[in-house]
Amino acid sequence: MNPLSFSRIEGQDRAILALVGASARKKLHHGLLFVGPDGVGKRQVARALAASTFCASPQPLRLDPTLHEACGICGPCRRMLAGTHPDFVEQSPDGRNYKIEQVRETISVTKYRPAEAGARFIVLDAVDLLRDEAANALLKTLEEPTGETHFILLTAQPHRLLSTIRSRCLRVAFAPLADALVARVLVAAGVEATAAAGAARLSGGSITRANAVRETSAYANRDEIARAITTLDEASMAELIALAEAWTKDKEAVRPMLDLVRALVRDAMVLRAGLPERRLHLDLAPLIDPWSAGRPLQAWLGVIDQIEQAERELLGNVNPRMVVENLMLALRRDSV
Ligand SMILES: [Zn+2]
């Protein structure tokens, strides 16, 4: 299947139609802010959108055959696929945050006309990690649009952006995917149906997360982790340290483990809020229900902050064992 086709992207028809429609009318905004959870197709849409404008032989779009998408085989499409198209730039933060030099270099190309196409696309992933100087450098460029350069900023956390950047961009919402859709995508990728449904439930509507859940030991250990997390108050310090060590042996398993802890906390919170039917892990109710009662709702919100803090630290290359140890300490009732 054509890897630059929008047909590969599930659940984002509304965003796709709006973007491709605007592009066809030559009204594509110069600053686009794609907002939605990780792993719902923001990056894929950015690539397919750029390719659809570069393509030498555009094909009818399945969602609306009066619109067009990239063919996937012409010269420009091949350069997109090889990552060598001169008018398509994709950047992720170099380390914990975007560095000012990185942003300056990226936006310096806007001084020149696009090399081969009539437009240029600059995609910045995790744009909430643009801080201070780096954010201001981008802001300056957004304030002086050239018409030929389109910035596509991707974020799962729009509230962390400078409001001045937000206000310069057109916001495009990417919805979390329905569990059933996540499960279907996993099944299509060869995952057994029960495992797919379980991973989908833990995914928060994100295929990336569903895959992470599925691929690592965290999901296989779900019950063990849930039991340990919900009984941390009774664990000795030595037991806690041993658990943190065991759970971080496989570095790849740490993030899904945090996702699982977050899902357990979410269950505790919805129960505390009097919405027991919203729980994800009904089968873990015997563990989660008494655990939930141990804190008022406000304190559970504090726990969510601790989990987010842990996720940031992991991205910032803090030692995973320390991150998990600290989180477990924070999860003990006497500490929150
Ligand atoms: Zn093409």
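R171 versus (1) of a type in the set (K, R); (2) over 23 Å from I307 (Cα atoms); (3) part of a helix (DSSP H, G or I): which is the lone unmet condition?
(3)
Residues that are within 16 Å of the ligand (Cβ to nearest atom) and assigned by TED's automatic domain parsing to the domain that holds D13: list the helices (runs of 4 or more DSSP H) wholly contained in the range 37-132 that include at least 1 such residues. Talk me through it step by step, then tell me what you get.
Numbers: elements: 42-54, 75-82, 100-108.
Of the helices (runs of 4 or more DSSP H) lying wholly inside the range 37-132, those with at least 1 residues that are within 16 Å of the ligand (Cβ to nearest atom) and assigned by TED's automatic domain parsing to the domain that holds D13 span 42-54, 75-82.
Quick one: what pairs do we get from the range 32-60, first residue of a type in the set (S, T, Y), second within 16 Å of the ligand (Cβ to nearest atom) and part of a loop (DSSP other than H, G, I, E, B), C-beta under 7 Å, 6+ apart or different chains?
Pairs that qualify, where the first residue is of a type in the set (S, T, Y) and the partner is within 16 Å of the ligand (Cβ to nearest atom) and part of a loop (DSSP other than H, G, I, E, B), are S52/P58; S52/A70; T53/A117; T53/A119; S57/C71; S57/C74.
Return only the number of the condition from (1) over 25 Å from L17 (Cβ atoms); (2) not in a helix (DSSP H, G or I) that I152 does not satisfy.
(1)
Check A244, A310 and return the single one that is under 22 Å from D128 (Cβ atoms), among the small types (G, A, S) and modelled with pLDDT of 90 or more.
Exactly one of A244, A310 is under 22 Å from D128 (Cβ atoms), among the small types (G, A, S) and modelled with pLDDT of 90 or more, namely A310.
Among (1) surrounded by fewer than 17 Cβ atoms within 10 Å (Cβ to Cβ); (2) at pLDDT below 80; (3) not hydrophobic (A, V, I, L, M, F, W, C), there is one condition R209 misses while meeting the rest; what is its number?
Against the list (1) surrounded by fewer than 17 Cβ atoms within 10 Å (Cβ to Cβ); (2) at pLDDT below 80; (3) not hydrophobic (A, V, I, L, M, F, W, C), R209 comes up short only on (1).
Do you know which of the residues in the range 247-275 that are closer than 24 Å to R209 by Cβ and surrounded by fewer than 16 Cβ atoms within 10 Å (Cβ to Cβ) is modelled with the highest pLDDT?
The selected residue is K249.
The values are calculated or read from the model by the stated rules, or taken from the named source; none is laboratory data. What you see is a predicted model; the values in this text were computed from it and never measured. Positions of Cβ are backbone-derived with ideal geometry, glycine not excepted, and every protein chain shown enters the neighbour counts.
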